[in-house]
Each structure stands twice: as C-alpha cells, then as structure tokens.
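Enquirer: Handing you this structure, nothing more for now.
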Amino acid sequence: MIEPSIALYGEAFNRVSTLLDDLLQKAHVRYAMLVDRKGFVLAHRESLWAVKPPALDSIATLIAGNAAATSALAKLLGERRFNELVHQGERIGLYVEEVASEALLVVIFDDTAPIGRVKLYAKKSIEEIETLLESLGPLEMPDLNLGADFASSAGALLDDLFKVSR
C-alpha cells in the first residue's frame, strides 16, 4: 500500500495548518495545501469566502504528476529543477512550489490576488514549513502506549475470531 512520505500529526500538523491559515489571510487566496510528491494531501486550508471546495485529492494527485513531469523536463533542458509552477486562467490561478524535497505547496487563487503577493507569502510560508519538516526528522509514528495487556487481549480476540484453541 502506498502511504504518504511525511507524517504530519499533533503539534506539527497544527503548526502547518496555522501557517496555511496565515498564507490564506495575507495573500488573499482561496485554498492552500501541502501535498507530498506521491499526491497525498498532508494538510489543507480554505478561506471562508472560497466557493465549493474542489476535489482536493484529485488536485493533489494531478499536481504531484505535473511536478514529476516538470522535473523530468527541467533535467532534459539541463536544469537541476524548476522551483515553481504557475498556471493562470481567466479567473483562477494555481501556484505550486517545492517544499524541501518531499512536499509541494499548492495555492489556488482568483483574479483578485496578484501573483506577486501570492509568491511572496508562499515563499515565506515555505521557509517556515521547511524548518518545521527538518525538525521532524525521519518518519516516526507516535507511541501508542497500548500497555502489556493489549497483546494478550488482542491475541485472545483473534484466536476466538478464527476459532483457534490453545
């Protein structure tokens, strides 16, 4: 099973959510998401005035694929990487920038948010998110503190479920 390459939970998730909220407020954008390179949504926030939210999982998957294709294109052209992607339509724009090597910041904005403002505040958010991700270290799951009785209780439950006698 494919799983996210970054685990955001507890205080780290709350901190990223706060940073995304700040980005929404300062840049006046509709949505901000942190996605990993596999296409998993790690955190997302939407502004209060945003219209019905798009299918964020689909957007994250397509963004990850687009980033991979853009990375391959950069290498073909002799660049190590392209740092950012910008797509602008008549009313909606999309800004994507790399966060460390394992994630992407995705910002969806409308024609009332100037791209310069979006880039400025996105870059500031990225610096803070990168610092946070560096502090997390390798992927670790939280200690569940299940206790010594859990293993024997779970074993007995499974034995009963599968009609195993001891």
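The values are calculated or read from the model by the stated rules, or taken from the named source; none is laboratory data. All values derive from a computational prediction rather than experimental measurement. Reconstructed Cβ throughout: ideal geometry from the backbone, glycine too, with neighbour counts over all protein chains shown.
Enquirer: Can you spot a residue in the range 17-32 that is of a type in the set (Val, Ile, Thr), under 13 Å from the mean Cα position of the chain (by Cα), within 27 Å of GLU3 (Cβ to Cβ) and at pLDDT 90 or above? Write out each step before concluding.
Expert: Keep residues of the range 17-32 that are of a type in the set (Val, Ile, Thr), which gives 18, 29.
From what is left, the residues that are under 13 Å from the mean Cα position of the chain (by Cα) are none.
For the range 17-32, residues of a type in the set (Val, Ile, Thr), under 13 Å from the mean Cα position of the chain (by Cα), within 27 Å of GLU3 (Cβ to Cβ) and at pLDDT 90 or above: absent.
Enquirer: Give the number of residues within the range 94-113 that are under 14 Å from ARG30 (Cβ atoms) and surrounded by fewer than 20 Cβ atoms within 10 Å (Cβ to Cβ).
Expert: Summing the residues that are under 14 Å from ARG30 (Cβ atoms) and surrounded by fewer than 20 Cβ atoms within 10 Å (Cβ to Cβ) in the range 94-113 gives 5.
Enquirer: Something else: Sort through LEU73, LEU62, LEU120 and tell me the only one that's in a helix (DSSP H, G or I), out of contact with any helix residue (DSSP H, G or I) (no Cβ under 6 Å at 6 or more places or on another chain) and more than 26 Å from SER5 (Cβ to Cβ).
Expert: Checking each option against the conditions leaves just LEU120.
Enquirer: Still on this model: From (1) out of contact with any strand residue (DSSP E or B) (no Cβ under 7 Å at 6 or more places or on another chain); (2) among the β-branched types (Val, Ile, Thr); (3) not in a loop (DSSP other than H, G, I, E, B), pick out the condition that doesn't hold for VAL51.
Expert: Just one mismatch for VAL51, condition (3).
Enquirer: Can you name the residue in the range 76-93 that is in contact with a Ser or Thr (Cβ under 8 Å, 6 or more places away or on another chain) and part of a loop (DSSP other than H, G, I, E, B) and is also surrounded by the fewest Cβ atoms within 10 Å (Cβ to Cβ) among such residues? Full working, then the answer.
Expert: Step one: of the range 76-93, the residues in contact with a Ser or Thr (Cβ under 8 Å, 6 or more places away or on another chain) are 81-82, 85.
With the extra rule that they be part of a loop (DSSP other than H, G, I, E, B), the set shrinks to 81-82.
Details: ARG81: 12, PHE82: 15.
Filtering first and then ranking leaves ARG81.
Enquirer: Can you find even one residue in the range 39-62 that is over 25 Å from GLU11 (Cβ atoms) and in contact (Cβ under 8 Å) with a residue 40 or more places away in the chain?
Expert: yes
Enquirer: Among the residues of the range 132-148 satisfying the criterion of being at pLDDT 70 or above and more than 23 Å from LEU85 (Cβ to Cβ), which is surrounded by the most Cβ atoms within 10 Å (Cβ to Cβ)?
Expert: LEU136
Enquirer: Let me ask something else. Out of (1) at pLDDT below 95; (2) surrounded by fewer than 15 Cβ atoms within 10 Å (Cβ to Cβ); (3) under 28 Å from SER135 (Cα atoms), what's the single condition that is false for LEU73?
Expert: (3)
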